[in-house]
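Engineer: Pasting a structure below so you can have a look.
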Amino acid sequence: MEYDFKKIEQDWQKKWKDAKAYAVSNDSARPKYYVLDMFPYPSGAGLHVGHPLGYIASDIYSRYKRLKGFNVLHPMGFDSFGLPAEQYALETGQHPATTTEKNIATFKSQLDKIGFCYDWDREVKTSDPEFYKWTQWLFLKLFNSYFCNTQQKARPIDDLIKKYATQGAKDFTAQQWNAFSKKEQADILMKRRLAFSAYGEVNWCEALGTVLANDEVVNGVSERGGYPVEKKKMRQWFLRITAYADRLLDGLEKVDFSESMKEMQRNWIGKSEGAEIDFDLTPNPSPSGEGSSALKLKVYTTRPDTIFGADFMVVAPEHEIVSQITSAAQKEEIEKYLSYVKSRSERERLAEAKTITGCFTGAYAINPFDKREIPIWIAEYVLAGYGTGAIMAVPCGDQRDFAFAKHFKIPITNIIGSHYNGEEANPTKEAVLENSGFLNGLLMKDAIGVAVNKIEALGIGKRKVNYRMRDAGFSRQRYWGEPFPIVWKNEVAIPLDEKDLPLELPHVDKYGPGPNGEGPLANLTDWVDLTPNPSPKERGAKDPAPYGYINSTAEEWKKTLQFAKQNRKDATAAEDIIWQEIRNRNIAGFKFRRQHPIAGYIPDFVCLEKKLIIEIDGGYHNEAEQAAFDKAREQWLAEQGFTMIRFTNDAVNNSSKAVLKDIEQALLNKETVSETEGSNPPLPWRGVGGEVRRETSTMPGYAGSSWYFLRYMDPHNDKTFCDRKVSDYWNQVDLYIGGTEHAVGHLLYSRMWTKVMYDLGMIGFDEPYKKLLNQGMIQGSSRFVYKVVELFSKDSNWPLVNYNAPSLFISTGYYKSLEENIEKNRLKENDEIFSLIKNAIKKSDLPDIIILDAKIVESHVDVNIVNGLELNIDKFKTDWKNGEYANAEFILEDGKYICGVETEKMSKSKYNTVDPTDLCEKYGADTFRMYEMFLGPVEASKPWDTKGIEGVHRFLRKLWRLFFDDIKRKIWNEEKANDAELKILHRTIKKIEEDTERFSFNTAVSTFMICVNDLADIKCHKKEILEKLLILLAPYAPHISEELYQQLNSLQVSPTGGDLEGASVLDATYPVFDGRYLVETSKEYPISVNGKLRTNINISLDAGPEEVEKIVLANEVIQKWLDGKPPKKVIFVKGKMVNVVL
RNA sequence: GCCCAGAUGGCGGAAUUGGUAGACGCAGCAGACUCAAAAUCUGCCGUUCGCAAGGAUGUGCAGGUUCGAUUCCUGUUCUGGGCACCA
C-alpha cells in the first residue's frame, strides 16, 4: 500500500474534528498542563512558514504531555486589532472588521491543514466585542485602582477616597478634601490611578493631521509624504507600570525565562540608585553675578561622588526651566536649537550617537561645596522623561560628557589623577578622589555614600532610586482598537457602568484622522457628543412637548429611538400607503426613511439627500398644544435646512396618487445635499454645551494580549472575564512559546496586569508564564534576477541602448563579474559578457563601441519559481508578473539562470514567503511538521530553505514500508521481539523522551530516522515494537501514526465520527523506558596517546584501571607509539575513554 | 554608542556534565535494479600527503588553563537581534 498522506490526513483531520478529539474540559482528575503560543496577528498575507515553527513545537509538546496523562490546554486565537487592517482600510475602503474576519478564516484553514490539536471552541479574538468587553472591564479595574505604597500592591481607589475623606493626605486635610470641587478631587485621584490620563508627547504631523509612531518618522519628516513632524503634547492614557517596577524585577527570580530574556527586561526596567541634588543658580546669567536666585536646578546622578568634577550641566531641551534661565544673549541660539530638537524623534536622538549637538543657556549653577560656577547647557542627549531631565556632566568620568566637553571646548577638571589620561573618560569607581574637597583621598565607591550623606545633611538633595522604565502609553489615535469605556464631563473622566459594557466600536465609513489630532472616532459626532439636550425651556419652547419628542438627556435619546421603533410598528393606514410607494427608492429614485429621529424629533418620513420631511397628520395636530409644538419643531428643522411638507390622513386616503405627485415635485424642486451632511444632520444641542464627550482614542495592541491567556480558560463566560475556580484550576501558563521581539513590550505588560489582578484578588497567581521558550525567527531567503536596462558607450554619457523589450536578464555570475569589471574600468570588447550581451540584443552597430557602463536593475523574484538557485525559466515567463516577461531573453551560465540570494525578513513584498499550505499539499502535514523541527533548534534563527524536505518525506515512506510491502500487503507480525529489537526500541524511547522534554525536537527527528533505519536494516516488522514506536511518533506526525496505529489494532473508527476514547493513538499509553535492554557488558574504548585518538579496544566494562592499563599498553598500536618507553601517566575514565600520556 | 545571542564540511545541523568532532538529513559522486524513468537499495563523501597501511591538519581569529577544549578563561573579528544616548 502506498503512503497516501493526502487521504490519511484529510480523513483523520475530519474524524478528530467530528469526535471532538481536542475538546478540553475544565474538570478532570488528571493533572493540568497549559501550553500557550503567542497568538498571531491575522495579517492579509496569510500564514508563512515562519509562523508555525513555535506552533509545531507547542503542538508536539502538548500531545506529548497528553500521552503522559495530563489534561492539556492548548488553545489558539487571534490578536486581531491593529494598525495594518486600518491602513488597509484607509487605502481600499474595506472595513477592518471585514478584512480581519477574512484573514482569520484564512489563517484558521491554514493552521488546520498542519493538524494542530487546538480546541477551537476556546478561540479568542481580541476584536470580538465578547472579548473586548472584558478588556474594557479590566481597564476599568485598573482605572479604579491605585498602588498602595505601604502594602506595595494595587487596592481599590475607593479605599483611597475613604482615607482622603477621613484622614486627608500629606498635602491636604480631610476637611480640605471634602471641600474640594469634584474636578479638584478627580485631578488628585487621577495622579494615583493605575490607568490614568495625563499629557504626553506625541509625534504630530500637521500635514497628515495625525499622530505618527516612532518608526513612521524619518529624519524629522513623515515616512509617507515627507511632511514635517513635531512633538506635541496631547492628553493620553497611561498605565502606571512604574509602580510595579520592583515587583516586576523580583518576579523574574521565580520564572523560567532564558537569562538573556530576563536581562533584557532588567535593562528595560533599569533600576538605578543615586541622588537628586538641587543646585543654586547665579542670579544673573553672567559668571560675575553674586548670591543665588530663587530658581534651583534639580539633577539626578548615580555618581554623587564625582560632584567636584562637574564641569557643566546638561538640561533636556524640553525642560521647563530652560525658558526661565536662558540669558538674553543666548536666547536666539537656544530657540534655534529648540526648533531643531523639536523636529527630532526620540529614536533619532538615540540612533545618531556620534553627532554632538547642544547649546549654552547663558546660565550658571553653583557647586554647593566649592561654589564654582558651572555653565548650564541644553543638549538632546539628555531626555526630559528620565530622572529629573537634568544631569551634572563629569567629563573625566563619563564618555558622553567627555565627548561633549571636547566638542564644545569646555575645560575638564580631573578628579581621578592618573586614572584619567586626557584622551578618554574613565568611568571607574576604583580611583582615589583628588581635587574633590571633603572627598579627597577617598576611594570613589566609598565616597558615594559620604557625598550623599553630606548632601542630605545640608538639605540640598536626597537619595533616590530611579527607573529607566516609564509609564506605558495606553492610548492611540486610531480606529481599530478597543474604545475606552470613558466619558469626559467637564474635563473629568467618568467610567462607564460595567453593565454598559461592551462599549462597541462604532462603525465608520472613513478611517482618516479626526480633528485636532484625535482618532477617526472623533469624526462620529453623534457617537462622541453626549452633552444633554438643552431643556425645552432653554430651547425657547413654551411648553414641554408631549410624547417625549424633545429630550434633555442622552438617556432620553435612547427613549427617542425606542419611540421611533414603536411608531414604525404603530403606523397609521395612511402612512403605510405612502411607505409602500416611496420605499426602496420608488419615488424618483430617492431614498426615504421612516420614523427616523433627527435629534429629538421623529418625522414620519425623511429624505436625507434632499433634507425633505413628509408629515402625515392625524386630527390631533389641530389641538393647540400640538400645533405649538409642531411650529417650534418646524422652525428648528428649517434652521437646519429641512423642508417639511404636510398631508392629512384624509388626503392620502382619498388620493394617494396626488400626494405622491406632490412629494415628487417637492423632491425635484430642492437641491441635493452632500451625503455626509445629509446623513449626519447636526443635532440641536450642538454648540450649546459640548461638555460631555466620549473618549475618542482607542487602546493599543497590547491591551488584549495582556490578559488573553486567562480568557482561553473560560472563553464563554458572560458573567466575568474568567471564573476564579477555573483560573485556580488552570493556573499559570506552564509553557509559553513565542518570539523574542515581545521580550519587553508584551511580556512586561501582561506580567503587570497579572500582578494587578492578583492584588485585587481576581486570580490566584502573580506571574502569568511559568516557563518561556523563545522560538527563533525564520528569515526569508530572497532570490534576485538582474535585468539590463541601459548600456553606456565610451564616448557618451547617454545610454546607448535603452533596453526594454524584449527584456534581457543576465545570470548572477555575469552580473557579479560585470559589476566588478565596471568598477575596475576594464570591460573589454573581447570580454565574454560583452559579446553575450551583444548577441542577445542583436544590435549591429554595437561592435564598434566599447561598453563602459551598464545599468542593471536587481529585483526580487518569487522563491517559489526558483529551484535552489536555478530559476525556472518557463515558470518565470508564464507566471511571473502576469506574463510581463513572456518574451524575455536570458544570458545563462552552464545553461542555467542562477539567481542572486540574500537573507532578509520574510515578507510578501520581497517575494520570499513560502506558504505552509503548499508544502502540506505536496508532502503532507506530517512531513511539514517534522521538517520544520528538523531544520534546527527551535530557539535558533535561520533562513528558510525548502531543499531538505525530501529527506523527511523519505523517512515517513520508509516507516510506512515497515508495515506494508510493495503490493499493499500488511507485513507486520505478532512475533516476540528479540533483544536487538528491544534495544533499538528502548534506546529510542529514552532519547525521544529526553529530547522532547528539553525541546530538542531536531535531534528527536533524527532519532526517529535512526530507529527506522535500524529496524529496516534488521527487517523488523513486529507489532510489539512498531506499536510503541507509533506512540512515540504520534506527537510529531499524528496523522500517519494514527492511521498505522488503527490498522495495526484493526480499530478503524467510523468516518462519521464517534467517541475515540481509548481507541486513538492520541490517548495511548506512553511507552515506559526499561534500562535493562541497554545494559552493555563491554565497550569499544577510544584510546588516545597525548590526547590524540590512535585506536579503539574492546574492553569489559567491569575492568578496573589496572586491568585496562595492562590491556592498553599491550596493544600493538599503542606499543608502536610508546616506542619502548614507559608512559608518564595513563588516564582512565570508566565507560568513556583512555588517554596514554608520553 | 549600549545590551543580548551566535560563528562547526558544499548546505541545515549533532556532540546533553571538559572525554572518539562532523550523528541525522540535503546536495554531490560511484554502483545495483530497470528498455528507460520514477521509486528503492548499496558504497563513498572536512582539508591535505599517501598506491595503501597510515600520517598531518581541522569547530571565526590570537592566546591561556588541562593528560585532554567545539565546550572553560582572556583578548579580538564578523554576523544576527534588541534599544528609550538612562547619567
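The values are calculated or read from the model by the stated rules, or taken from the named source; none is laboratory data. What you see is a predicted model, and the numbers here were worked out from it, not measured in a lab. FYI the Cβ positions are ideal-geometry reconstructions off the backbone, even for glycines, and counts take in every protein chain you see. Ligands, DNA and RNA are stripped out before the accessible areas are found, and what is left, the full protein with its side chains, is counted by its heavy atoms. Shrake-Rupley method; radii C 1.70, N 1.55, O 1.52, S 1.80 Å.
Engineer: Take A:Gln151 and A:Lys569, extend 7 Å from each Cα along the Cα→Cβ direction, and tell me the distance between the two endpoints in nm.
Structural biologist: Placing both labels 7 Å beyond Cα along the Cβ direction yields 4.9 nm.
Engineer: Provide the FRET efficiency to the nearest 0.05 for the A:Asn267-A:Ser343 pair, computing r from the beta carbons and using R0 = 22 Å.
Structural biologist: Step by step, r from the Cβ atoms, then E = 0.15.
Engineer: Treat each spin label as a single point 7 Å out from the Cα along the C-beta direction, and report the A:Asn654 to A:Lys922 distance in nm.
Structural biologist: Roughly 8.2 nm, to one decimal.
Engineer: Another question, if that's okay. How would A:Thr643, A:Thr560 rank on accessible area, largest to smallest, probe 1.4 Å?
Structural biologist: Reading off the accessible areas and sorting them downward yields A:Thr643, A:Thr560.
Engineer: Just report the Cα centroid separation between segment A:936-960 and segment A:428-448, whole Å.
Structural biologist: If we compute the Cα centre of each part, the gap is 61 Å.
Engineer: Report, by chain and number, residues whose modeled amide H sits under 5 Å from the one on A:Asn1096, excluding near sequence neighbours (fewer than 5 apart, same chain).
Structural biologist: Under 5 Å from the amide H of A:Asn1096 lie the amide H atoms of A:Ile1087, each far enough along the sequence or on another chain.
Engineer: So what's the back-of-envelope 222 nm ellipticity for chain A, counting only DSSP H runs of four-plus at -39500 (n - 2.57) apiece and dividing by all residues, rounded to 500?
Structural biologist: Computed mean residue ellipticity for chain A: -10500 deg cm²/dmol.
Engineer: Once ligands and nucleic acids are excluded and a 1.4 Å probe is used, how much of A:Asp526 is accessible, expressed in Å² to the nearest 10?
Structural biologist: Probe radius 1.4 Å; accessible area of A:Asp526 about 70 Å².
Engineer: Rg and Dmax of chain A, Cα atoms, in Å?
Structural biologist: 38.7, 135
Engineer: Using θ = phi - 60° and the Karplus form 6.51 cos²θ - 1.76 cosθ + 1.60, what ³J(HN,Hα) does each residue of segment A:759-773 get, whole Hz, x for Gly and Pro?
Structural biologist: Taking θ as phi minus 60°, the curve returns 4, 8, x, 8, 9, x, 8, 10, 10, x, 10, 6, 10, 10, 10 Hz for segment A:759-773.
Engineer: Same structure, new question: Of the trypsin sites (Lys or Arg not before Pro) in segment A:860-917, which ones lie in a loop per DSSP and count no more than 16 other C-beta atoms within 10 Å?
Structural biologist: When the trypsin sites (Lys or Arg not before Pro) of segment A:860-917 are filtered for loop state and at most 16 Cβ neighbours within 10 Å, A:Lys905 remain.
Engineer: Below 20 Å, Cα to Cα, which lysines can A:Lys559 reach? Residues fewer than 8 away in the same chain don't count.
Structural biologist: Leaving aside lysines fewer than 8 places away in the same chain, those within reach of A:Lys559 are A:Lys499, A:Lys537, A:Lys569.
Engineer: Right, here's the next one. Any idea of A:Arg30's accessible area? Nearest 10 Å², probe 1.4 Å.
Structural biologist: 100
Engineer: Okay, next question. Keeping all protein chains in the complex and leaving out DNA, RNA and ligands, what accessible area do you get for A:Thr917 with a 1.4 Å probe, in Å² to the nearest 10?
Structural biologist: 20
Engineer: Moving to a separate point now. For A:Val938, enumerate residues with amide H under 5 Å from its amide H, sequence gap 5+ or separate chain, H modeled in the peptide plane.
Structural biologist: So A:Val938 has HN proximity to A:Phe1001, A:Asn1002.
Engineer: Also: Given a Förster distance of 35 Å, report the FRET efficiency between A:Tyr199 and A:Lys296 from their Cβ-Cβ distance, rounded to the nearest 0.05.
Structural biologist: 0.90
Engineer: Past 20 Å, Cα to Cα, is the threshold; run A:Lys922/A:Lys1022; A:Lys610/A:Lys661; A:Lys14/A:Lys970; A:Lys611/A:Lys631 against it and keep the listed order.
Structural biologist: A:Lys922/A:Lys1022; A:Lys14/A:Lys970
Engineer: A further question follows. Could you give the accessible area per residue of chain A, probe 1.4 Å, as a whole number in Å²?
Structural biologist: Here the residues of chain A average 47 Å² of exposed surface.
Engineer: Please list, by residue number, every one of the GluC sites (Glu not before Pro) in segment A:1-103 that is coil in DSSP and has at most 13 other beta-carbon atoms within 10 Å.
Structural biologist: Counting only loop positions with at most 13 other Cβ atoms within 10 Å, the GluC sites (Glu not before Pro) in segment A:1-103 are A:Glu2.
Engineer: Pulled fully out, how much extra length does the chain show between A:Asn516 and A:Gln324, if you take 0.36 nm times their separation in residues and subtract their Cα-Cα distance?
Structural biologist: 66.2 nm
Engineer: Could you give the spread of the C-alpha atoms of segment A:372-495 along their three principal axes, from largest to smallest, in whole angstroms?
Structural biologist: Here the Cα extents, ordered largest to smallest, are 63, 36, 27 Å.
Engineer: Sticking with this one: Under 5 Å between amide H atoms, partner at least 5 residues away or on a different chain: which partners does A:Met644 have, H built in plane at 1.01 Å?
Structural biologist: A:Ile613
Engineer: If you don't mind, another one. Residue by residue, what Karplus-based ³J(HN,Hα) values in Hz, rounded to whole numbers, does segment A:165-173 have, using 6.51, -1.76 and 1.60 with θ = phi - 60° and x for Gly and Pro?
Structural biologist: 6, 9, 10, x, 8, 4, 8, 7, 8
Engineer: Determine, for each peptide in A:924-931, A:574-581, the mean count of other beta carbons within 10 angstrom over its residues, then list the peptides with the highest first.
Structural biologist: Going by the mean number of other Cβ atoms within 10 Å, highest first, we get A:924-931, A:574-581.
Engineer: In a shell of Cβ-Cβ distance under 9 Å around A:Ala195, excluding A:Ala195 itself, what net charge do Lys and Arg (+1) and Asp and Glu (-1) give?
Structural biologist: +3
Engineer: Net charge within 14 Å of A:Gly1075 by Cβ-Cβ distance, Lys/Arg positive one each and Asp/Glu negative one each, not counting A:Gly1075 itself?
Structural biologist: 0
Engineer: If you only keep lysine pairs separated by 8 or more in sequence, or across chains, how many in segment A:166-259 come under 24 Å at the Cα atoms?
Structural biologist: Count of close lysine pairs: 9.
Engineer: HN-Hα J couplings of segment A:41-47 from phi, Karplus 6.51/-1.76/1.60, θ = phi - 60°, integer Hz, Gly and Pro as x?
Structural biologist: Values per residue, Gly and Pro as x: 7, x, 6, x, 6, x, 6 Hz.
Engineer: If packing is taken as the average number of other Cβ atoms within 10 Å across a peptide's residues, how do A:751-760, A:228-237 rank, most packed first?
Structural biologist: The packing order, highest mean first, is A:751-760, A:228-237.
Engineer: Does segment A:109-215 come out rounded, prolate or oblate, given a ≥ b ≥ c as the square roots of the eigenvalues of its C-alpha gyration tensor, rounded meaning a/c under 1.5 and, failing that, prolate meaning a/b above b/c?
Structural biologist: Oblate, because a/c is 1.5 or more while a/b does not exceed b/c.
Engineer: Then there is this: Which order do the peptides A:497-509, A:430-442 come out in when sorted by mean C-beta neighbours inside 10 angstrom, highest first?
Structural biologist: A:430-442, A:497-509
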